[in-house]
Amino acid sequence: MIHFKLPLLVTAVGAACRSIKGGAMFVDTQQRPQEKLKLSEAIRIGAKIRPQSFSGYWGDGDGTSCVMGAAFEAVGIPYRSKGLDRARYFPSLTHVVAEEIFYRNDNLHQSREKISDWLKAQGL
């Protein structure tokens, strides 16, 4: 790993970035368990990364993500990762709430922001 003595910026996804001359940037993409972001906050942040999918965390390989895929990306999980443990990153997420989130995303086609608002009202 290369270290630069420049100002450090920590992004919402937990990646440490340093600007270098010419506009290039070093990004640390190490995975980190979610500790401080609520699920609703992670979804809202991740929704800004890519368009919404209505099937599977990472859509059909078309560069999209569903509501949970967005949340995973917001906490530093690389796009299209497999074998993810929701409880590790979002310990307050129960099975019942997860099913409701998937229903709202996949069946009702609610926006991730609307689902995030619903979760925020639930204290998540």
Seminar exercise, completed: A careful count of residues in region 92-115 that are more than 16 Å from Ala70 (Cα to Cα) and in contact (Cβ under 8 Å) with a residue 12 or more places away in the chain gives 2
Problem set entry | Residue within region 13-20 that is loosely packed, with under 13 Cβ neighbours inside 10 Å and either modelled with pLDDT of 95 or more or not acidic (Asp, Glu) (or both) present | yes
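Working carefully through the options Ser81, Ser65, find the one that is closer than 26 Å to Ala121 by Cβ and not hydrophobic (A, V, I, L, M, F, W, C).
Values: Ser81 fails: closer than 26 Å to Ala121 by Cβ.
Answer to the check: Ser65.
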Exercise. Restricting the search to region 58-86, which residues are of a type in the set (Phe, Trp, Tyr), surrounded by fewer than 22 Cβ atoms within 10 Å (Cβ to Cβ) and under 10 Å from the mean Cα position of the chain (by Cα)?
Worked result: Tyr79
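The values are calculated or read from the model by the stated rules, or taken from the named source; none is laboratory data. In this text, all values refer to a predicted model and were calculated from it rather than measured experimentally. Backbone-built Cβ (ideal geometry, glycine too); neighbour counts: all protein chains shown.
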